[in-house]
1. In terms of the Cα gyration tensor, with a ≥ b ≥ c the square roots of its eigenvalues, is the range 15-89 rounded because a/c is under 1.5, prolate because a/b exceeds b/c, or oblate?
2. List, in order, the whole-Hz ³J(HN,Hα) value for each residue of the range 60-72 obtained from phi through the Karplus relation with A = 6.51, B = -1.76, C = 1.60 and θ = phi - 60°; use x for Gly and Pro.
3. Just order 44-57, 15-28 by mean Cβ neighbour count inside 10 Å, highest at the front, would you?
Amino acid sequence: MPVPRAGSTPTSSPAAEVLGRHASIALSTARQEESLRQAIDARTLIGRAQGILMERFAIDDQAAFEVPRRHSQNTNTKLNEVARILVSLGEPCLKY
């Protein structure tokens with residue numbers, strides 16, 4: 001007689017176990033996809049902020065990334081939040 005798995009009961013059906021596993025995988029995949037979407041959105045916003053800084057101050061992309069990154073660290077604010085503020089204002093409000 002097989003030994004029951006942890007969390008299963010003698011009345012658990014194999015179909016219920018498979019369904020539960022599939023639901024778990026689907027949930028995990030949905031969470032991962034949402035996380036990836038958020039990362040892409042944040043990167044797009046940071047890129048827009050870089051573009052504003054590059055245009056306004058005639059600096060290269062590395063310098064335009066360094067300015068909000070440094071501000072983010074100095075103010076303990078997430079980089080994407082710094083970028084969101086910069087883009088929403090449409091003009092740089094950060095100090096070098």
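Computed from the coordinates by the stated procedures, all read-outs in this text should not be read as laboratory data. Quick caveat, the model's predicted, so the values are computed rather than measured. Cβ sites come from the backbone with ideal geometry, for glycine too, and all protein chains shown count toward neighbours.
1. It is prolate, given that a/c is not under 1.5 and a/b is the larger ratio.
2. Calculated HN-Hα couplings, in order: 7, 5, 5, 5, 5, 7, 5, 4, x, 4, 5, 4, 4 Hz.
3. With the highest mean Cβ count within 10 Å placed first, the list reads 44-57, 15-28.
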